[in-house]
Amino acid sequence: MRLLLATNNPGKVREVAAILEPLCSELLSPVGLGRRFEVVENGDSFEANARLKVLAAFREFGLPAVADDSGLEIDALGGAPGVRSARFMDGSSYADKCREILRRLNGRPDRRARFVCCAALVESDGEVEVFDGICPGTIALESRGAGGFGYDPIFIPSGYEQTFAELGAELKNRISHRARAFAQVRDYLSER
């Protein structure tokens, strides 16, 4: 099955390809097709943004498409950065974003957090199917690890002592928020 993943993020493409394998014989990306894909993510929820992206991708490329919106919610920060995770401190590197989160949490005992992912799938009929995944955990006291991307160096999933950036891609692709949402996508597609 050919499927377009509506993202310009190569880390996300690798992660989702590993989760959907072997069901999806060809996971395409806009960059892989020689184009950039831009959508204004102005929804007020992960689901709203995932729907915006997947419908825009379906219209632009004419292929079955899947998109996700995901982010990090931190209890002590009122759920921030949340749905604005990618746009938090816009223009800054993720290393700087992680440093700022650690600064804001300095001295706070409550470090509970969760990664949230909403994946949206649209096939030829144009109807959108939505799948959610949550990975609870805590925020580390410092950035650790060189793997993964985004906020992975500061997030410790529940039941582990290492950050996502320390755990390695194979384990992360089994337990992460994105793994949980895209496993549902995989199961849905395999039943069709």
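The values are calculated or read from the model by the stated rules, or taken from the named source; none is laboratory data. None of the values given here were measured: they were computed from a predicted structure. Virtual Cβ from ideal backbone geometry, glycine too; neighbours counted across all protein chains shown.
Within the stretch 103-143, take every residue that is touching a residue at least 40 places away in the same chain (Cβ under 8 Å), over 21 Å from V83 (Cβ atoms) and not hydroxyl-bearing (S, T, Y) and give me the one that is surrounded by the most Cβ atoms within 10 Å (Cβ to Cβ).
E123
Go through the stretch 180-189 and give me each residue that's in contact with a strand residue (DSSP E or B) (Cβ under 7 Å, 6 or more places away or on another chain) and either more than 7 Å from G133 (Cβ to Cβ) or of a type outside the set (G, A, S) (or both).
Those that are in contact with a strand residue (DSSP E or B) (Cβ under 7 Å, 6 or more places away or on another chain) and either more than 7 Å from G133 (Cβ to Cβ) or of a type outside the set (G, A, S) (or both): R180, F182, Q184, V185, Y188.
Among the residues of the stretch 165-182, is there at least one that is within 20 Å of S93 (Cα to Cα) and more than 11 Å from the chain's Cα centre (by Cα)?
yes
Yes/no matrix, rows are residues, columns are (1) more than 14 Å from K12 (Cα to Cα); (2) at pLDDT 95 or above; (3) basic (K, R); (4) in contact with a Gly (Cβ under 6 Å, 6 or more places away or on another chain):
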residue: I154; (1), (2), (3), (4): yes, yes, no, no
residue: P157; (1), (2), (3), (4): yes, yes, no, yes
residue: T163; (1), (2), (3), (4): yes, yes, no, yes
residue: A169; (1), (2), (3), (4): no, no, no, no
residue: K172; (1), (2), (3), (4): no, no, yes, no
residue: R178; (1), (2), (3), (4): no, no, yes, no
residue: A183; (1), (2), (3), (4): yes, no, no, no
residue: R186; (1), (2), (3), (4): yes, no, yes, no
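Is at least one residue of the stretch 28-43 among the aromatic types (F, W, Y) and either modelled with pLDDT of 90 or more or within 17 Å of G137 (Cα to Cα) (or both)?
Looking for residues that are among the aromatic types (F, W, Y) and either modelled with pLDDT of 90 or more or within 17 Å of G137 (Cα to Cα) (or both), one finds none in the stretch 28-43, hence no.
Identify all residues within the stretch 75-107 that are touching a Leu at 6+ places or on another chain (Cβ under 7 Å) and either under 20 Å from D44 (Cα atoms) or of a type in the set (A, V, I, L, M, F, W, C) (or both); write none if there are none.
The answer is A76, P81, S85.
Looking at the stretch 58-73, is at least one residue farther than 21 Å from G148 by Cβ, touching a helix residue (DSSP H, G or I) at 6+ places or on another chain (Cβ under 7 Å) and not acidic (D, E)?
Scanning the stretch 58-73 turns up at least one residue that is farther than 21 Å from G148 by Cβ, touching a helix residue (DSSP H, G or I) at 6+ places or on another chain (Cβ under 7 Å) and not acidic (D, E).
Filtering the stretch 151-175 down to residues that are in a helix (DSSP H, G or I) and among the charged types (D, E, K, R), which residue is surrounded by the most Cβ atoms within 10 Å (Cβ to Cβ)?
D152
Examine the stretch 64-77 for a residue that is of a type in the set (V, I, T) and in contact with a strand residue (DSSP E or B) (Cβ under 6 Å, 6 or more places away or on another chain), and state whether such a residue exists.
Yes, the stretch 64-77 contains a residue that is of a type in the set (V, I, T) and in contact with a strand residue (DSSP E or B) (Cβ under 6 Å, 6 or more places away or on another chain).
Give the number of residues within the stretch 15-58 that are more than 15 Å from V185 (Cα to Cα) and among the aliphatic types (A, V, I, L, M).
Result for the stretch 15-58: 10.
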